[in-house]
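Q: Quick one: structure below, then a few questions.
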Amino acid sequence: MSALGVNKPVTKVTLKDVAREAGVGTATVERVLNNRGGVRPETVEKVFLAARRLEYRQSLPVAHRGLIRIEVILVRPETSFYSRLNRAFERIAASLDDSIVVHRTFVRENEPAQFARYIANPTARRSALIVVAPDHADVVTSVRKAAGLGIPVVQIMTRPAPELPYVGIDNYAAGRTAAHYMSGMLAQRPGSFVALCHSGAYENHKERIRGFSAYLSDHASNEHRFTEVMFDLDDEHNAIELLQAALRREPGIIGVYSAGGDNKGVARVLAANKAGRPFWVGHELTGQTQDYLRRGIMSIVLDQAPEVQARRSIDLALNRLGLIEVEVSTEPVRFLTITRENL
């Protein structure tokens, strides 16, 4: 309704309007919408997006179903977190209309040169890119080049290119939260804290460690010392060896923060250390971490809600493509604090 209570006339969108929006000729629009062929896929996509933005009423030819291809690049499908994230993208993809395909690709994180080449040379044309990007110069350069081609690029979970859109938690705040709970619960117990994480490959892990360290520095106590960060590559056996060695070197360890994705190794070590077991804060709510909480091995889990991250990153890509008008929040995704009492 208008301000006077009268319906405004609906202006009919014409082929010329779509052509103007797409930056092509009217004949090209007619060929695309009538499926006459002879038009490059990139141009077909431009016409389709223009038609969608203008709410052109003619339906898309069947031959062009799946025209919009959003590629999601993930790592480590064997881990609980990425398995959850992958399933979330799969469920979201099934809910989208036939014009949109969400293609999930897993790339080896420990081969950054290959990772960068794949971003720069995809196996198929992509309309938008959602990527978990290691903080490696070649990978970050490729991510920036992809964005420079004009396609929407969304960084998920970690943000090595700070100028590009990001969907994920505030990892610095997560590290501070871990330190807040640990130092508070152990206020009357002197000793040292140690941390484990994958490596320096991911900005999110580095931010968590920075936040953890900064909180302890801001709230310095003569009773507590943050003594060591260990890089376990999210490998169970590495975590076991590193943590056992740290406990032998420093019997006064009373707090362990696992900022990365491996929890099995830490759980095995701490389960065997019943006398004076350290206070343990880790990440990601899984069947395993729920069991660790119930058994009293783990103290707190910080869960970064991968399902929310998947939904928001897809919505952000669709918004940037002009396919949805709903404003997508750019605020950090809220992480959840889980204890045995609120499982």
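The values are calculated or read from the model by the stated rules, or taken from the named source; none is laboratory data. Predicted model, so just to flag it, every value in this text is computed and none were measured. For neighbour counting, all protein chains shown are included, and Cβ atoms are generated from backbone atoms with ideal geometry for every residue, glycine included. Note: accessible area is taken over every heavy atom of the protein model, side chains too, but ligands, DNA and RNA are not part of it. Shrake-Rupley method; radii C 1.70, N 1.55, O 1.52, S 1.80 Å.
Q: Computed on alpha carbon atoms, what radius of gyration and Dmax characterise segment 104-179, expressed in Å?
A: Using the Cα atoms of segment 104-179, the pair Rg, Dmax is 13.1, 44 Å.
Q: Also, I was wondering about something else. Once you put a point 7 Å from the Cα of A271 and another 7 Å from the Cα of R210, both along the Cβ direction, what distance in nm separates them?
A: 3.6 nm
Q: I need the P(r) histogram for segment 78-147: all alpha carbon pairs, bin width 10 Å from 0 out to the longest distance, whole percents.
A: 17, 46, 33, 4
Q: Taking a point 7 angstrom from the Cα of A137 along the C-beta vector, which residues in segment 146-183 have backbone N less than 16 Å away?
A: Correct set: 161.
Q: I would also like to ask the following. Taking the chain, how many lysine pairs are there with alpha carbons less than 28 Å apart, if each pair must be eight or more places apart or span two chains? Don't skip to the end; give the middle numbers.
A: Working: K8/K16; K12/K46; K16/K46; K46/K145; K145/K206; K206/K264; K264/K274.
Going through the chain pair by pair, I get 7.
Q: What's the Kirkwood radius of segment 230-343 in Å, using all Cα pairs?
A: Result for segment 230-343, one decimal place: 15.9 Å.
Q: Related question: Quick one: Karplus J couplings for segment 184-191, per residue in order, coefficients 6.51, -1.76, 1.60, θ = phi - 60°, nearest Hz, x for Gly and Pro?
A: Per-residue couplings from phi come out as x, 5, 10, 4, 9, 10, x, x Hz.
Q: Over the chain, what percent of the accessible surface lies on carbon and sulfur atoms, probe 1.4 Å?
A: Carbon and sulfur together cover 50 percent of it.
Q: Which three numbers, in whole Å and largest first, are the semi-axes of the equivalent ellipsoid of segment 127-260 derived from its Cα gyration tensor as √(5λ)?
A: On the way: eigenvalues 230, 55, 18 Å².
So the equivalent ellipsoid measures 34, 17, 10 Å along its semi-axes.
Q: Here's something else I'd like to know. For the chain, what is the calculated [θ] at 222 nm in deg cm²/dmol (nearest 500), taking -39500 (n - 2.57) for each run of four or more DSSP H residues and dividing by its residue count?
A: -13000 deg cm²/dmol
Q: Counting other Cβ atoms within 10 Å of each Cβ, which trypsin sites (Lys or Arg not before Pro) in segment 123-194 have at most 13 and sit in a DSSP loop? Mind showing how you got there, number by number?
A: Values: sites: R125, R126, R144, K145, R176; in loops: R125, R126.
Listed in order of number, the matching sites are R125.
Q: While we're on this one: Would you rank Y215, Y172 by solvent-accessible area, highest first, keeping every protein chain in place and using a 1.4 Å probe?
A: Y172, Y215
Q: Stokes-Einstein at 4 °C, 1.567 mPa s, Kirkwood radius from Cα pairs: D for the chain in µm² s⁻¹? Intermediate values should be presented prior to the final figure.
A: Numbers: Rh = 22.5 Å.
This corresponds to a translational diffusion coefficient of 58 µm²/s.
Q: For the ranges 200-207, 183-190, 74-81, 163-170, what's the packing order if you count other beta-carbon atoms within 10 Å of each residue, average per peptide, and put the highest first?
A: For the peptides 200-207, 183-190, 74-81, 163-170, the packing ranking is 200-207, 163-170, 74-81, 183-190.
Q: Turning to a different aspect of this structure: Within segment 278-343, report the GluC sites (Glu not before Pro) that DSSP leaves as loop and that have at most 11 other Cβ atoms within 10 Å.
A: Here the GluC sites (Glu not before Pro) that fit, given the DSSP loop and packing criteria, are E325, E327.
Q: Just to verify a number: FRET efficiency for E327 and R53, C-beta to C-beta distance, R0 = 22 Å, to 0.05?
A: 0.90
Q: Nearest 0.05, what FRET efficiency do E42 and N110 give at R0 = 22 Å with Cβ-Cβ as r? Numbers along the way, then the final one.
A: On the way: r = 33 Å, r/R0 = 1.51.
With R0 = 22 Å, the Cβ-Cβ based efficiency is 0.10.
Q: How much of the DSSP beta bridge set in the chain is antiparallel, as a percent to the nearest 5?
A: Roughly 10 percent of the DSSP beta bridges within the chain come out antiparallel.
Q: Within segment 85-111, what residues put their amide N at less than 18 Å from the label point 7 Å along the Cα-to-Cβ vector of N319?
A: Backbone N within reach: none found.
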